[in-house]
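The values are calculated or read from the model by the stated rules, or taken from the named source; none is laboratory data. Treat the numbers as computed from the prediction; the structure is a model and nothing was measured. When we count neighbours, we look across all protein chains shown, and the Cβ atoms used for this are built from the backbone with ideal geometry, even at glycine. Accessible surface is based on the protein model in full, side chains and every heavy atom, while ligands, DNA and RNA are left aside. Shrake-Rupley method; radii C 1.70, N 1.55, O 1.52, S 1.80 Å.
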There are 2 protein chains.
Amino acid sequence: MDARSEGEAVTSEASSDPHAEAASRLQAAGQRYTSGRRELVEALAGAARPVTLPDIESIAPGLARSTAYRNLEALERCGVVHRLETGGDHAYFELAESLLGHHHHLICVTCGAIADIELDGETESRIDDSLAAAARESGFVPLHHSLDLYGRCSSCDAAA
Amino acid sequence: MDARSEGEAVTSEASSDPHAEAASRLQAAGQRYTSGRRELVEALAGAARPVTLPDIESIAPGLARSTAYRNLEALERCGVVHRLETGGDHAYFELAESLLGHHHHLICVTCGAIADIELDGETESRIDDSLAAAARESGFVPLHHSLDLYGRCSSCDAAA
DNA sequence: ATTGAAAATGAGAATGAGTCTCACTATAGT
DNA sequence: ACTATAGTGAGACTCATTCTCATTTTCAAT
């Protein structure tokens with residue numbers, strides 16, 4: 001009942017074009033898809049992993065910090081960008097799950113590097129069910145979950 | 001008072017006395033279990049949920065902030081305390097899983113309140129297996145995982 | 001008991017990620 | 001073009017957390 005991990009019918013199909021998605025979502029909120037915002041989305045789409053603000057600055061120089069943070073927040077409110085806190089100095093940003101698909105993270109406790117992973121559908125639905133049951137007991141309305149694995153990446157493990 | 005969860009074969013049995021545990025772990029690291037540290041552990045053990053530093057200050061007034069943070073860090077290094085980052089203003093602290101048992105969190109996206117939950121053992125082992133498989137593919141050495149459910153707590157949901 | 005080395009403390013200074021302000025510029029719709 | 005609205009950049013600002021350092025406490029060995 002579980003040997004299935006290939007490209008299955010994922011519930012939230014990722015739009016092929018993050019830019020189109022961002023533009024329409026922003027517009028729906030009465031906001032504009034400016035070149036600065038486009039650069040942000042481009043930087044996030046180009047990175048294979050979540051990135052910090054310094055990362056973004058080195059990928060796309062010339063964006064004022066205040067503007068970058070402001071736009072990241074605007075994009076987050078529209079559901080285009082997701083921010084994750086890891087306890088490190090900086091927050092990490094990535095495209096939201098509606099664009100990237102539902103996934104989780106491997107986080108290196110030594111160097112902080114993050115990689116995306118996906119779990120098989122059966123495990124996911126089991127998680128959802130268990131969490132929903134626990135939420136119900138507490139009077140919680142569930143919205144979404146995050147599941148991160150902490151460990152040592154191959155290079156940090158080799159160095160230890 | 002504490003709901004006796006079905007005493008399943010939990011891998012890490014919680015020590016009945018957090019203080020004894022803290023004392024021995026600190027000592028093993030060449031550190032002392034001072035009264036200030038004892039107060040911290042007492043505060044964490046007394047709270048049924050993760051707490052912020054301001055919470056701690058109101059529970060146990062009189063501890064200097066710098067000392068509180070320093071000791072929380074010392075206790076974290078010894079595996080007595082666990083810090084969790086939620087993206088809110090403050091970090092949350094709770095006793096480590098070796099004392100509290102493995103559990104997860106419900107986090108209210110509106111007010112930030114956190115509650116502890118436990119999942120059934122079968123779901124847990126399934127999660128572990130899936131994560132371990134994903135980690136292996138990435139050359140990651142798994143250490144531990146965190147699984148948090150974001151949603152709206154009953155009072156925030158009622159207010160909306 | 002006394003002492004001395006190591007560890008802990010408190011008060012405040014310092015750090016720095018992230019946010020806010022505001023004057024200015026760009027855009028969309030008429 | 002005109003105007004109302006949204007976005008931008010530069011830097012000031014906030015505030016949680018960390019650092020510094022002089023003083024105090026603890027522990028172990030005398």
Using a ≥ b ≥ c from the Cα gyration tensor of the range A:56-96 (square roots of the eigenvalues), is it rounded, prolate or oblate, where a/c under 1.5 gives rounded and otherwise the larger of a/b and b/c decides, a/b for prolate? oblate
I need the fraction of alpha carbon pairs in chain A separated by more than 30 Å, rounded to a whole percent. 24 percent
If the elastic network links every pair of Cα atoms under 10 Å, which of B:125, B:138, B:98 fluctuates the most in the Gaussian network model of chain B? B:138
Counting only other residues whose beta carbon sits under 15 Å from that of residue B:72, what net charge do I get with K and R as +1, D and E as -1? -1
If you put +1 on each Lys and Arg Cβ and -1 on each Asp and Glu Cβ, how big is the dipole of the range B:102-160 around its Cα centre, in Debye rounded to 20? 240 debye
For residue B:132 paired with residue B:103, estimate the spin-label separation in nm (one decimal), with each label point 7 Å from Cα along the Cα-to-Cβ line. 2.5 nm
To the nearest 20 Debye, how big is the dipole of the protein assembly as shown about its Cα centre, given +1 on the beta carbon of each Lys and Arg and -1 on that of each Asp and Glu? 1400 debye
Compute the label-point distances linking residue B:84 to its equivalents in the other copies; points lie 7 Å from Cα along Cα→Cβ; give nm, one decimal, shortest first. 1.7
Once you have all Cα-Cα distances for the range A:16-100, histogram them in 5 Å bins from zero and send the whole-percent values. 3, 15, 30, 27, 17, 6, 1
Ordered shortest first, which distances in nm separate the 7 Å Cα→C-beta label point of residue A:125 from those of the other copies? 2.2
Suppose we take every Cα in the protein assembly as shown and form the convex hull; what volume per residue is that in Å³? 172 Å³
Taking Cα centroids, how far is the range A:67-133 from the range B:132-160 in Å? 10 Å
Would you work out which of B:100, B:46, B:19 lies farthest towards the positive end of the dipole of the range B:15-101, given +1 charges on the beta-carbon of Lys and Arg and -1 on that of Asp and Glu, about the Cα centre? B:19
Size of electric dipole in the range B:15-101: Cβ of Lys, Arg +1 and of Asp, Glu -1, about Cα centre, debye, nearest 20: 320 debye
Quote the relative contact order of the range B:102-160 in percent (integer), defining contacts as alpha-carbon pairs under 8 Å separated by 6+ residues. 47 percent
In percent, what relative contact order does chain A have, based on Cα pairs under 8 Å that are 6 or more apart in sequence? 24 percent
For residue B:45, place a label point 7 Å from Cα along the Cα-to-Cβ direction in every copy; what are the distances to the other copies, in nm, shortest first? 5.5
For the range A:102-160, take every pair of Cα atoms, bin their distances at 5 Å starting from 0, and report each bin as a whole percent. 4, 17, 20, 17, 14, 12, 9, 5, 2, 0
When Cβ neighbours within 10 Å are restricted to other protein chains, what is their mean count per residue of peptide B:117-129? 4
Lys and Arg at +1, Asp and Glu at -1: add these up for the other residues within a Cβ distance under 13 Å of residue B:57 and post the number. -1
Compute the longest continuous run of chain A that contains no exposed trypsin sites (Lys or Arg not before Pro); treat a site as exposed when its DSSP state is not H, G, I, E or B and it has at most 14 other Cβ atoms within 10 Å. A:33-160
Please give me the summed charge of the neighbours of residue A:114: other residues whose Cβ is under 12 Å from its Cβ, Lys and Arg +1, Asp and Glu -1. -4
Of all the accessible heavy-atom surface of the range B:102-160, with the other protein chains kept in place and a 1.4 Å probe, what percent is carbon and sulfur? 49 percent
